[in-house]
Amino acid sequence: MPRITVEKYVAGTLERSFEVPGLLVRVAAWVLPASALTHPKDRGMDVHAILQAWKSGSPYASSMDVTEHGVQKKVRLLVS
């Protein structure tokens, strides 16, 4: 089953990396209302584009800047 890789960077250095089953993202997209997916999409995490890439076997990558406990971080999402 395809997996979605999530990477967190602090000052350009990889802090943490983990994988999420594609099925979990698919269930979240099905269960959550469309309005709940708008904010992540506006920030760079388009759940529907991730699912489309997962279904078609196409690569997908996006990133967004976040602040976690006062620390600026970059989060990358990868589907391969």
field: Count - residues of the stretch 52-77 that are under 15 Å from E19 (Cβ atoms) and of a type in the set (V, I, T)
entry: 1
field: Single match in V75, V71, V27 (criterion: out of contact with any helix residue (DSSP H, G or I) (no Cβ under 8 Å at 6 or more places or on another chain), modelled with pLDDT of 90 or more and exposed (fewer than 14 other Cβ atoms within 10 Å of the Cβ))
entry: V71
query: Within the stretch 30-63, can you find the residues that are under 9 Å from the mean Cα position of the chain (by Cα) and among the hydrophobic types (A, V, I, L, M, F, W, C)?
result: M45, V47, I50, A61
Failed criterion for I4 (all others in (1) surrounded by fewer than 12 Cβ atoms within 10 Å (Cβ to Cβ); (2) in contact (Cβ under 8 Å) with a residue 40 or more places away in the chain hold): (1)
- prompt: Does R43 fit the bill of being at pLDDT 95 or above and surrounded by fewer than 16 Cβ atoms within 10 Å (Cβ to Cβ)?
  reply: no
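The values are calculated or read from the model by the stated rules, or taken from the named source; none is laboratory data. Computed from a predicted structure; not experimentally measured. Cβ atoms come from the backbone with ideal geometry, glycine included; neighbour counts cover every protein chain shown.
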